[in-house]
Amino acid sequence: DLSTGIIYRRRIATCQNVIPEILRKVTTCNFSVSQVSVLKVPDIYLEEESWLNMEKRNMAMKSHCLTWTQYASLTEESVFRESLENPNWTDFTQKGRISVTGAGLLNCVLEAFAQSFLKRGVKK
């Protein structure tokens, strides 16, 4: 945007399906045939948007899952900005939300797995 100087980017990302095979098999009992095939997909698609403001030296990112939208909601927001303590440092803030529906008693198990997976990613 020439008037604000903000660079906006929107893209679709592809990630490998990280749901363990054991969870895919266990959930078979709780989903219909068409739902089970959704869980066994090799890839997961995410939409990511980012706003880079060079003048204020910050970048905001939002992403959400496009796969399994009828069963799960996964959103993530991140902000990178210049540190108030030292302009050569970057402050990074991140928050996310996970919700699984339609898997009966396994909702909590799938949510816990997703949460654990995302926490490992944050540590990296």
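Leaving ligands, DNA and RNA out of it, rank Ile98, Ile12 by accessible area with a 1.4 Å probe, largest first.
On the way: Ile98 50, Ile12 100 Å².
Ranking Ile98, Ile12 by accessible area, largest first, yields Ile12, Ile98.
Roughly how many Å² of Trp89 are accessible to a 1.4 Å probe, to the nearest 10?
140
Can you tell me the length gained on complete extension of the stretch Ala60 to Leu2, counting 0.36 nm per residue apart and subtracting the Cα distance?
Details: separation 58, 0.36 × 58 = 20.88 nm, distance 1.81 nm.
Contour length minus Cα-Cα distance gives 19.1 nm.
Using a 1.4 Å probe, how large is the accessible area of Lys119, given in Å² and rounded to the nearest 10?
Ignoring ligands and nucleic acids, Lys119 comes out at about 120 Å².
If packing is taken as the mean number of other Cβ atoms within 10 Å per residue, what is the order of 46-56, 1-11, 69-79, highest first? Spell out each step's value before the answer.
On the way: 46-56: 13.5, 1-11: 9.7, 69-79: 15.8.
In descending order of packing, they fall as 69-79, 46-56, 1-11.
The values are calculated or read from the model by the stated rules, or taken from the named source; none is laboratory data. Everything numeric in this text was worked out from a predicted model, so none of it was measured. Here the Cβ is made from the backbone with ideal geometry for all residues, glycine too, and neighbour counts use every protein chain on show. For the accessible areas, the whole protein counts, side chains as well, though only heavy atoms, and no ligand, DNA or RNA atoms are used. Shrake-Rupley method; radii C 1.70, N 1.55, O 1.52, S 1.80 Å.
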